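Shown next, in C-alpha coordinates, is the structure this report addresses.
The values are calculated or read from the model by the stated rules, or taken from the named source; none is laboratory data. Keep in mind the model is a prediction, meaning the values are calculated, not measured. All Cβ positions, glycine included, derive from the backbone under ideal geometry; neighbour counts span all protein chains shown. Remember, those area values only see protein heavy atoms, side chains included, never the ligands or the DNA or RNA. Shrake-Rupley method; radii C 1.70, N 1.55, O 1.52, S 1.80 Å.
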Amino acid sequence: MKIVICGGNHAADFIIKTFKGHQHQLIVINSSREAARYLTKVNQIPVFHGDYWRKYVLEDAHVEGADIFVALGYKDCDNFVACLSAKKLFGVKKCICIVNNPKNVDIFRELGVDSVISSTQMLAYSILSEASLENLIKAVSLEDDKIVMTEIIIKENYEIAHKKIMDISFPKTGNISCIYRQPNVIIPNGSTLILPKDKLAFVSTPQNQKEIINFIQRVRKN
Amino acid sequence: MKNNRLLKNKTLIVGCGRLGCSIANECCSEGKNVMAVDFNEDCFAGLSNKFSGYTFVGDVTDLSVLEEAYIASAKEIIITTGDDNVNLFVAYVARKIYDVPNIYVRLDDPNNAALIQGLKIKAIYPFELSFDKFNLIRGGSK
(Lines give C-alpha, C1' and ligand atoms only; values in the text may rest on other atoms or scores of the structure.)
Protein backbone atom coordinates (compact mmCIF):
# COMPACT_ATOMS: atom_id res chain seq x y z
CA MET A 1 0.00 0.00 0.00
CA LYS A 2 1.09 3.54 -0.68
CA ILE A 3 0.60 5.56 2.49
CA VAL A 4 1.16 9.31 2.84
CA ILE A 5 1.72 10.68 6.36
CA CYS A 6 1.54 14.46 6.77
CA GLY A 7 2.35 16.60 9.79
CA GLY A 8 2.39 15.46 13.38
CA ASN A 9 5.37 14.64 15.52
CA HIS A 10 4.87 11.72 17.88
CA ALA A 11 1.76 10.57 16.06
CA ALA A 12 3.66 10.49 12.76
CA ASP A 13 6.55 8.68 14.43
CA PHE A 14 4.23 6.01 15.79
CA ILE A 15 2.48 5.45 12.47
CA ILE A 16 5.80 5.25 10.58
CA LYS A 17 7.06 2.63 13.03
CA THR A 18 3.84 0.64 12.69
CA PHE A 19 3.91 0.48 8.91
CA LYS A 20 7.62 0.56 8.12
CA GLY A 21 8.89 -2.62 6.55
CA HIS A 22 5.50 -4.23 6.03
CA GLN A 23 5.84 -3.92 2.26
CA HIS A 24 4.19 -0.52 2.39
CA GLN A 25 5.46 2.47 0.52
CA LEU A 26 5.59 5.35 3.00
CA ILE A 27 5.72 8.99 1.99
CA VAL A 28 6.29 11.34 4.92
CA ILE A 29 5.82 15.10 4.71
CA ASN A 30 6.20 17.58 7.55
CA SER A 31 5.94 21.35 7.61
CA SER A 32 8.27 21.74 10.58
CA ARG A 33 11.97 21.44 9.80
CA GLU A 34 12.82 20.11 13.27
CA ALA A 35 10.10 17.48 13.14
CA ALA A 36 11.20 16.41 9.65
CA ARG A 37 14.79 16.06 10.85
CA TYR A 38 13.75 14.14 13.93
CA LEU A 39 11.59 11.72 11.94
CA THR A 40 14.38 11.11 9.43
CA LYS A 41 16.87 10.46 12.19
CA VAL A 42 14.86 8.01 14.31
CA ASN A 43 13.25 6.11 11.46
CA GLN A 44 15.99 6.22 8.82
CA ILE A 45 13.61 7.20 6.06
CA PRO A 46 13.44 10.26 3.82
CA VAL A 47 11.05 12.97 5.05
CA PHE A 48 9.93 15.83 2.82
CA HIS A 49 10.00 19.21 4.45
CA GLY A 50 7.21 21.50 3.22
CA ASP A 51 3.65 22.70 3.68
CA TYR A 52 1.77 19.51 2.96
CA TRP A 53 -1.42 21.35 1.93
CA ARG A 54 0.34 23.01 -1.00
CA LYS A 55 -0.04 21.53 -4.45
CA TYR A 56 3.63 21.73 -5.41
CA VAL A 57 4.77 20.00 -2.21
CA LEU A 58 2.37 17.11 -2.79
CA GLU A 59 3.52 17.01 -6.40
CA ASP A 60 7.21 16.84 -5.42
CA ALA A 61 6.48 14.08 -2.93
CA HIS A 62 4.62 12.08 -5.62
CA VAL A 63 1.52 11.36 -3.59
CA GLU A 64 -0.62 10.69 -6.67
CA GLY A 65 -2.76 7.56 -6.52
CA ALA A 66 -1.88 6.83 -2.89
CA ASP A 67 -4.12 4.34 -1.09
CA ILE A 68 -4.24 6.23 2.20
CA PHE A 69 -3.53 9.85 3.04
CA VAL A 70 -3.23 10.74 6.73
CA ALA A 71 -3.16 14.36 7.93
CA LEU A 72 -1.96 14.79 11.51
CA GLY A 73 -1.31 18.54 11.67
CA TYR A 74 -2.22 20.80 14.59
CA LYS A 75 -4.49 23.10 12.64
CA ASP A 76 -7.78 21.61 11.55
CA CYS A 77 -8.04 23.76 8.44
CA ASP A 78 -4.58 22.74 7.22
CA ASN A 79 -5.58 19.10 7.52
CA PHE A 80 -8.85 19.77 5.73
CA VAL A 81 -7.22 21.50 2.76
CA ALA A 82 -4.52 18.80 2.56
CA CYS A 83 -7.16 16.04 2.40
CA LEU A 84 -9.17 18.01 -0.13
CA SER A 85 -6.13 18.51 -2.38
CA ALA A 86 -5.11 14.87 -2.08
CA LYS A 87 -8.56 13.74 -3.08
CA LYS A 88 -9.39 16.29 -5.76
CA LEU A 89 -6.01 16.85 -7.40
CA PHE A 90 -4.07 13.66 -6.79
CA GLY A 91 -6.70 10.91 -6.86
CA VAL A 92 -5.88 9.59 -3.39
CA LYS A 93 -8.27 6.75 -2.51
CA LYS A 94 -8.88 7.35 1.18
CA CYS A 95 -8.21 10.35 3.43
CA ILE A 96 -7.98 10.27 7.19
CA CYS A 97 -7.49 13.37 9.29
CA ILE A 98 -7.34 14.29 12.94
CA VAL A 99 -9.08 17.36 14.33
CA ASN A 100 -8.56 19.35 17.51
CA ASN A 101 -12.06 20.73 17.63
CA PRO A 102 -14.48 17.80 18.09
CA LYS A 103 -17.25 19.83 16.44
CA ASN A 104 -15.34 19.48 13.18
CA VAL A 105 -15.74 15.70 13.02
CA ASP A 106 -19.18 15.75 11.42
CA ILE A 107 -18.46 18.87 9.36
CA PHE A 108 -15.28 17.49 7.77
CA ARG A 109 -17.10 14.27 6.96
CA GLU A 110 -19.91 16.20 5.33
CA LEU A 111 -17.34 18.16 3.32
CA GLY A 112 -15.82 14.99 1.91
CA VAL A 113 -13.05 13.71 4.21
CA ASP A 114 -13.46 9.92 4.46
CA SER A 115 -12.51 9.48 8.07
CA VAL A 116 -12.17 12.10 10.81
CA ILE A 117 -10.73 11.37 14.22
CA SER A 118 -10.93 13.56 17.31
CA SER A 119 -9.03 12.35 20.36
CA THR A 120 -11.15 14.62 22.56
CA GLN A 121 -14.34 13.04 21.26
CA MET A 122 -12.94 9.56 21.80
CA LEU A 123 -11.98 10.51 25.35
CA ALA A 124 -15.49 11.81 25.99
CA TYR A 125 -17.06 8.58 24.70
CA SER A 126 -14.67 6.57 26.76
CA ILE A 127 -15.54 8.52 29.92
CA LEU A 128 -19.21 8.10 29.11
CA SER A 129 -19.00 4.34 28.67
CA GLU A 130 -16.82 3.94 31.75
CA ALA A 131 -19.20 6.03 33.80
CA SER A 132 -22.43 4.44 32.66
CA LEU A 133 -21.41 0.82 33.03
CA GLU A 134 -20.12 -1.13 35.95
CA ASN A 135 -16.47 -2.05 36.25
CA LEU A 136 -16.86 -5.59 35.10
CA ILE A 137 -18.29 -4.56 31.76
CA LYS A 138 -16.04 -3.55 28.91
CA ALA A 139 -17.34 -2.10 25.68
CA VAL A 140 -15.75 -1.53 22.29
CA SER A 141 -17.33 0.60 19.59
CA LEU A 142 -17.16 -0.40 15.94
CA GLU A 143 -18.16 1.32 12.70
CA ASP A 144 -18.31 4.87 14.06
CA ASP A 145 -20.26 3.83 17.13
CA LYS A 146 -23.05 2.12 15.19
CA ILE A 147 -22.18 -1.25 16.73
CA VAL A 148 -20.91 -1.99 20.23
CA MET A 149 -19.26 -5.12 21.45
CA THR A 150 -19.80 -5.58 25.17
CA GLU A 151 -18.02 -7.99 27.47
CA ILE A 152 -19.67 -9.00 30.72
CA ILE A 153 -18.81 -11.50 33.44
CA ILE A 154 -21.52 -13.92 34.54
CA LYS A 155 -22.11 -14.20 38.26
CA GLU A 156 -23.45 -17.17 40.20
CA ASN A 157 -26.73 -15.49 41.12
CA TYR A 158 -27.68 -14.42 37.58
CA GLU A 159 -30.86 -15.94 36.21
CA ILE A 160 -29.12 -17.12 33.03
CA ALA A 161 -26.28 -18.96 34.81
CA HIS A 162 -26.36 -22.75 34.41
CA LYS A 163 -28.81 -22.47 31.53
CA LYS A 164 -28.56 -23.26 27.83
CA ILE A 165 -28.68 -20.34 25.41
CA MET A 166 -31.77 -21.73 23.68
CA ASP A 167 -33.66 -21.73 26.98
CA ILE A 168 -33.04 -18.15 28.06
CA SER A 169 -34.80 -16.27 25.22
CA PHE A 170 -31.95 -13.82 24.70
CA PRO A 171 -33.17 -10.43 23.36
CA LYS A 172 -33.39 -10.43 19.56
CA THR A 173 -31.72 -7.02 19.41
CA GLY A 174 -28.31 -8.55 20.20
CA ASN A 175 -26.24 -11.63 19.61
CA ILE A 176 -23.86 -13.56 21.85
CA SER A 177 -20.73 -13.72 19.72
CA CYS A 178 -18.38 -15.64 21.99
CA ILE A 179 -17.87 -16.93 25.48
CA TYR A 180 -14.48 -16.90 27.13
CA ARG A 181 -14.14 -19.68 29.66
CA GLN A 182 -10.54 -20.02 30.78
CA PRO A 183 -8.55 -21.17 28.91
CA ASN A 184 -10.96 -21.71 25.99
CA VAL A 185 -12.92 -19.49 23.68
CA ILE A 186 -16.28 -20.96 22.83
CA ILE A 187 -18.26 -19.94 19.79
CA PRO A 188 -21.70 -20.58 21.19
CA ASN A 189 -24.72 -22.29 19.71
CA GLY A 190 -28.15 -22.91 21.17
CA SER A 191 -27.06 -25.84 23.30
CA THR A 192 -24.09 -24.05 24.89
CA LEU A 193 -24.38 -23.88 28.65
CA ILE A 194 -23.68 -20.54 30.33
CA LEU A 195 -21.67 -20.94 33.52
CA PRO A 196 -20.66 -18.56 36.29
CA LYS A 197 -17.34 -16.75 35.70
CA ASP A 198 -17.84 -16.97 31.94
CA LYS A 199 -16.93 -13.85 30.07
CA LEU A 200 -19.75 -13.30 27.63
CA ALA A 201 -19.28 -11.00 24.64
CA PHE A 202 -22.26 -9.77 22.70
CA VAL A 203 -22.78 -7.37 19.81
CA SER A 204 -25.66 -4.94 19.59
CA THR A 205 -26.48 -1.37 18.66
CA PRO A 206 -25.67 1.25 21.33
CA GLN A 207 -29.40 1.87 21.79
CA ASN A 208 -30.05 -1.72 22.81
CA GLN A 209 -26.91 -2.21 24.88
CA LYS A 210 -28.47 -1.21 28.19
CA GLU A 211 -31.52 -3.42 27.68
CA ILE A 212 -29.35 -6.49 27.03
CA ILE A 213 -27.10 -5.76 29.99
CA ASN A 214 -30.19 -5.54 32.19
CA PHE A 215 -31.38 -8.86 30.78
CA ILE A 216 -28.08 -10.62 31.50
CA GLN A 217 -27.78 -9.18 34.97
CA ARG A 218 -31.24 -10.23 36.09
CA VAL A 219 -30.84 -11.94 39.42
CA ARG A 220 -32.43 -15.32 40.13
CA LYS A 221 -35.25 -15.15 42.67
CA ASN A 222 -35.30 -17.91 45.23
CA MET B 1 -27.95 23.71 10.80
CA LYS B 2 -29.64 24.23 7.50
CA ASN B 3 -32.57 26.56 7.55
CA ASN B 4 -33.74 27.58 4.15
CA ARG B 5 -36.81 29.35 5.44
CA LEU B 6 -34.77 32.16 6.94
CA LEU B 7 -34.76 35.38 5.04
CA LYS B 8 -31.30 35.71 3.52
CA ASN B 9 -30.52 39.39 3.77
CA LYS B 10 -27.20 39.74 5.57
CA THR B 11 -23.70 40.51 4.38
CA LEU B 12 -21.14 38.55 6.36
CA ILE B 13 -17.48 39.65 6.38
CA VAL B 14 -15.10 37.00 7.70
CA GLY B 15 -11.66 38.38 8.55
CA CYS B 16 -11.40 42.09 9.19
CA GLY B 17 -7.98 43.12 8.01
CA ARG B 18 -7.49 46.08 5.72
CA LEU B 19 -9.52 44.54 2.90
CA GLY B 20 -12.26 43.13 5.13
CA CYS B 21 -12.75 46.44 6.96
CA SER B 22 -12.81 48.45 3.74
CA ILE B 23 -15.45 46.17 2.25
CA ALA B 24 -17.44 46.30 5.50
CA ASN B 25 -17.37 50.12 5.48
CA GLU B 26 -18.47 50.23 1.87
CA CYS B 27 -21.28 47.73 2.34
CA CYS B 28 -22.55 49.77 5.30
CA SER B 29 -22.60 52.96 3.27
CA GLU B 30 -24.68 51.09 0.69
CA GLY B 31 -27.19 50.42 3.43
CA LYS B 32 -26.52 46.69 3.76
CA ASN B 33 -27.03 44.65 6.88
CA VAL B 34 -23.39 43.89 7.77
CA MET B 35 -21.96 41.32 10.19
CA ALA B 36 -18.17 41.39 10.66
CA VAL B 37 -16.24 38.53 12.32
CA ASP B 38 -12.60 38.29 13.37
CA PHE B 39 -10.73 36.45 16.13
CA ASN B 40 -8.83 39.62 17.02
CA GLU B 41 -10.89 42.40 18.52
CA ASP B 42 -8.27 45.04 17.64
CA CYS B 43 -8.91 44.49 13.92
CA PHE B 44 -12.24 46.27 14.19
CA ALA B 45 -10.35 49.53 14.69
CA GLY B 46 -10.21 49.65 10.90
CA LEU B 47 -13.97 50.13 10.71
CA SER B 48 -15.09 53.71 10.10
CA ASN B 49 -17.17 55.78 12.52
CA LYS B 50 -20.10 55.42 10.20
CA PHE B 51 -20.00 51.61 10.39
CA SER B 52 -23.46 50.59 11.55
CA GLY B 53 -23.23 46.81 11.39
CA TYR B 54 -22.47 44.23 14.07
CA THR B 55 -19.08 42.85 15.08
CA PHE B 56 -18.37 39.38 16.47
CA VAL B 57 -15.12 38.21 18.05
CA GLY B 58 -14.38 34.51 17.63
CA ASP B 59 -12.52 31.74 15.83
CA VAL B 60 -14.19 31.40 12.44
CA THR B 61 -13.09 27.79 12.09
CA ASP B 62 -15.61 27.03 14.84
CA LEU B 63 -19.02 26.71 13.26
CA SER B 64 -20.84 28.03 16.31
CA VAL B 65 -19.11 31.40 15.82
CA LEU B 66 -20.31 31.57 12.21
CA GLU B 67 -23.80 30.60 13.34
CA GLU B 68 -23.79 33.38 15.91
CA ALA B 69 -22.85 35.75 13.12
CA TYR B 70 -25.98 34.67 11.22
CA ILE B 71 -24.30 32.70 8.41
CA ALA B 72 -27.61 30.87 7.93
CA SER B 73 -29.30 34.10 6.88
CA ALA B 74 -26.41 35.52 4.84
CA LYS B 75 -27.09 36.66 1.31
CA GLU B 76 -23.39 37.08 0.68
CA ILE B 77 -20.21 36.17 2.50
CA ILE B 78 -16.82 37.81 1.94
CA ILE B 79 -13.91 35.80 3.29
CA THR B 80 -10.63 37.65 3.70
CA THR B 81 -8.68 36.18 6.62
CA GLY B 82 -4.91 35.97 6.24
CA ASP B 83 -4.85 32.17 6.05
CA ASP B 84 -5.76 30.48 2.75
CA ASN B 85 -6.69 27.23 4.43
CA VAL B 86 -9.11 28.97 6.80
CA ASN B 87 -10.57 30.88 3.84
CA LEU B 88 -11.07 27.66 1.85
CA PHE B 89 -12.65 25.90 4.80
CA VAL B 90 -15.11 28.76 5.47
CA ALA B 91 -15.95 28.94 1.76
CA TYR B 92 -16.69 25.20 1.69
CA VAL B 93 -18.85 25.47 4.80
CA ALA B 94 -20.73 28.44 3.30
CA ARG B 95 -21.37 26.53 0.08
CA LYS B 96 -22.01 22.98 1.23
CA ILE B 97 -23.60 23.43 4.65
CA TYR B 98 -25.39 26.79 4.54
CA ASP B 99 -25.70 27.28 0.78
CA VAL B 100 -24.97 31.02 0.94
CA PRO B 101 -26.00 32.45 -2.46
CA ASN B 102 -22.91 34.61 -3.06
CA ILE B 103 -19.48 33.61 -1.83
CA TYR B 104 -16.35 35.72 -2.34
CA VAL B 105 -12.97 34.58 -1.10
CA ARG B 106 -9.43 35.93 -1.15
CA LEU B 107 -6.76 33.33 -1.91
CA ASP B 108 -3.05 34.10 -1.86
CA ASP B 109 -2.08 30.90 -3.63
CA PRO B 110 -3.52 30.76 -7.19
CA ASN B 111 -3.00 26.97 -7.14
CA ASN B 112 -5.99 26.77 -4.81
CA ALA B 113 -8.26 27.71 -7.71
CA ALA B 114 -8.51 24.01 -8.59
CA LEU B 115 -10.07 23.27 -5.19
CA ILE B 116 -13.05 25.56 -5.63
CA GLN B 117 -13.75 24.76 -9.25
CA GLY B 118 -17.41 24.21 -10.02
CA LEU B 119 -18.61 25.35 -6.59
CA LYS B 120 -19.81 28.81 -7.61
CA ILE B 121 -17.29 30.48 -5.32
CA LYS B 122 -15.79 33.69 -6.67
CA ALA B 123 -12.14 34.18 -5.82
CA ILE B 124 -9.74 37.13 -5.76
CA TYR B 125 -6.04 36.41 -6.16
CA PRO B 126 -3.87 39.36 -4.95
CA PHE B 127 -0.85 37.76 -6.62
CA GLU B 128 -2.46 37.85 -10.06
CA LEU B 129 -3.78 41.36 -9.54
CA SER B 130 -0.31 42.63 -8.55
CA PHE B 131 1.37 40.80 -11.39
CA ASP B 132 -1.07 42.14 -13.97
CA LYS B 133 -0.77 45.63 -12.55
CA PHE B 134 3.02 45.41 -12.62
CA ASN B 135 2.99 44.36 -16.27
CA LEU B 136 0.59 47.16 -17.01
CA ILE B 137 2.60 49.94 -15.35
CA ARG B 138 5.89 48.67 -16.76
CA GLY B 139 4.37 48.41 -20.20
CA GLY B 140 3.05 51.95 -19.77
CA SER B 141 6.46 53.42 -18.90
CA LYS B 142 8.33 51.83 -21.83
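List of remarks:
- Residues considered: B:K75, B:K50, B:K32. Largest GNM mean-square fluctuation over chain B, using C-alpha springs under 10 Å, is found at B:K50.
- Sorted largest first, extent of segment A:148-222 alpha carbons per principal axis (Å): 31, 28, 19
- Full-extension gain in nm, A:Y180 to A:R33, via 0.36 nm per residue minus C-alpha separation: 47.9 nm
- Selection from A:N104, A:S118, A:Y74, by position along the positive dipole direction of chain A (Cβ): A:S118
- Over segment A:97-222, volume per residue of the alpha carbon convex hull, in Å³: 129 Å³
- Lysine pair count for segment B:10-141 [Cα-Cα under 29 Å; pairs on different chains or 8 or more apart]: 20
- Separation in nanometres of the label points that stand 7 Å from Cα toward Cβ, at A:E159 and A:L128: 2.9 nm
- Computed accessible area, A:V57, all protein chains, 1.4 angstrom probe, square angstrom: 20 Å²
- For A:H22, solvent-accessible area (1.4 Å; no DNA, RNA or ligand), Å²: 110 Å²
- Ellipsoid equivalent to chain B - semi-axes via the Cα gyration tensor, in Å: 26, 19, 14
- Approximate spin-label separation B:D132-A:K17, in nm, with each point projected 7 Å along Cα-to-Cβ: 5.3 nm
- Comparing B:D62, B:D84, B:D108 in a Gaussian network model of chain B where C-alpha atoms under 10 Å apart are linked, the largest mean-square fluctuation is found at B:D62.
- Rounded to 5, percent antiparallel among DSSP beta bridges of chain A: 55 percent
- Pairs of lysine residues in segment A:32-173 - Cα separation under 14 Å, sequence separation of 8 or more or cross-chain: 4
- Sum of -39500 (n - 2.57) over DSSP H runs of 4+, divided by residues of chain B (222 nm, nearest 500): -10000 deg cm²/dmol
- A simple spin-label model places pseudo-atoms 7 Å from Cα toward Cβ; at A:E110 and B:S22 they are separated by 3.4 nm.
- Restricting the calculation to Cα atoms, segment A:1-136 shows an Rg/Rh of 1.02 when the hydrodynamic-style radius is the Kirkwood one.
- Stretchable slack from A:E59 to A:D145, in nm (0.36 nm times residue separation minus alpha-carbon distance): 27.4 nm
- Most positive-pole-ward Cα, A:P183, A:A61, A:S141, against dipole of chain A from beta carbon charges: A:P183
- Dipole magnitude for segment A:2-122: about 180 debye, using +1 per Lys or Arg Cβ and -1 per Asp or Glu Cβ, origin at the Cα centre.
- Solvent-accessible area of segment A:133-216 (1.4 angstrom probe, protein heavy atoms only): carbon and sulfur portion equals 53 percent.
- Residues of type aspartates and glutamates that A:K221 reaches as a straight line, Cα spacing below 19 Å, ignoring anything fewer than 8 places off in the same chain: A:E156, A:E159, A:D167
- Rounded to the nearest 20, the Cβ-based charge dipole of the protein assembly as shown about its Cα centre (Lys and Arg +1, Asp and Glu -1) stands at 840 debye.
- Solution diffusion estimate, µm²/s, Stokes-Einstein, the protein assembly as shown, Kirkwood Rh from C-alpha pairs, 4 °C, viscosity 1.567 mPa s: 53 µm²/s
- Extension gain from B:S48 to B:A113, taking 0.36 nm per residue of separation minus the Cα-Cα distance: 20.2 nm
- C-alpha center-to-center spacing [segment B:90-140, segment A:162-222] in angstrom: 60 Å
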